[in-house]
Amino acid sequence: MPSIESFPTKRGTAQFTEDYVYFEESFFGYIKSLYRDYWQRGTWWSSSAFLAYLFAFPIGVWWVVNAVGGGNFLYIAAVIGLILGLWAVNHARGFRSPDRIRLDTIEQVSTTDGLKGLTRPRLVITYTDGETTRKRRVNLPSLYTSGGETVYEQAQEAFAERGF
């Protein structure tokens, strides 16, 4: 019987049942994890990082409103084009974001440590959806958080206990 039933992700939680792995991720789950990982840590730099994350979204909205009001549609078109282009490249590479994946359809789980200050630790789950091979990227908490390395090891162990 596997001992690890769930682990935190960047935007929420991954939870296992007998047949599935469920991903409970949302914008508010992301804010909760930021609060847990940065604000509750209590250091000045982690609290500052939490506030920077928190204010980045309203500042981005303010920028869009000002760009529209100022008639700078070229900037908006460039940003929207960049976002759509990145999404299209990921989609073409087979990446999807299902909320659940049957364990018996998983072919492989690969892990990446991440580089502190540059990238996050992450998992890439390769699974079959009908006749097609798909991938699901699972970003884990930052290595700057107090439990970042522990969560990475816990996620690896959770899938290893299930034979991946």
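Summary value for the stretch 6-161: 22 percent relative contact order, contacts being C-alpha pairs under 8 angstrom separated by 6+ residues.
Using a probe of 1.4 Å on the protein chains alone, the accessible area found for TRP39 is around 110 Å².
In plain terms, the chain is cut at each of the GluC sites (Glu not before Pro) found in a DSSP loop with at most 14 other Cβ atoms within 10 Å, and the longest leftover piece is 19-130. What FRET efficiency do you get for ASN139 and PHE28 if R0 is 25 Å and r is their Cβ-Cβ distance, rounded to the nearest 0.05? Calculated transfer efficiency: 0.90. For the residues LYS116, LYS10, LYS32, LYS135, a 1.4 Å probe over the protein chains yields an accessible-area ranking, largest first, of LYS32, LYS116, LYS135, LYS10. Our compactness index for the stretch 1-124, the C-alpha radius of gyration over the empirical 2.2 N^0.38 Å, is 1.34.
Which shape class, rounded, prolate or oblate, goes with the stretch 62-164 when its Cα gyration tensor gives a ≥ b ≥ c as root eigenvalues, a/c under 1.5 marks rounded, and past that a/b bigger than b/c marks prolate? Oblate, because a/c is 1.5 or more while a/b does not exceed b/c. One chain, two ends: ASP113 and SER6. Fully extended at 0.36 nm per residue, the span grows by 36.6 nm beyond their Cα-Cα distance.
Per atom type, the chain shows carbon and sulfur on 58% of its accessible surface, probed at 1.4 Å. Centroid-to-centroid, using Cα positions, the stretch 42-64 and the stretch 73-125 are 23 Å apart. Surface exposure of the chain, expressed per residue as accessible area with a 1.4 Å probe, stands at 63 Å². For labels at VAL64 and ARG162 in the simple 7 Å Cα→Cβ model, what's the distance in nm? Going from the VAL64 label point to the ARG162 one covers 3.4 nm.
Report the calculated FRET efficiency for THR132 and GLN154 (r = Cβ-Cβ distance, R0 = 41 Å), to the nearest 0.05. Between THR132 and GLN154 the formula returns 0.85. Charge tally around GLU149: other residues with Cβ under 15 Å, Lys/Arg +1 each, Asp/Glu -1 each, net +1.
The values are calculated or read from the model by the stated rules, or taken from the named source; none is laboratory data. Everything numeric in this text was worked out from a predicted model, so none of it was measured. Because the Cβ atoms are built from the backbone with ideal geometry, glycine has one as well, and the counts that use them run over all protein chains shown. We work out accessible area using only protein heavy atoms, side chains counted, and drop any ligands, DNA or RNA first. Shrake-Rupley method; radii C 1.70, N 1.55, O 1.52, S 1.80 Å.
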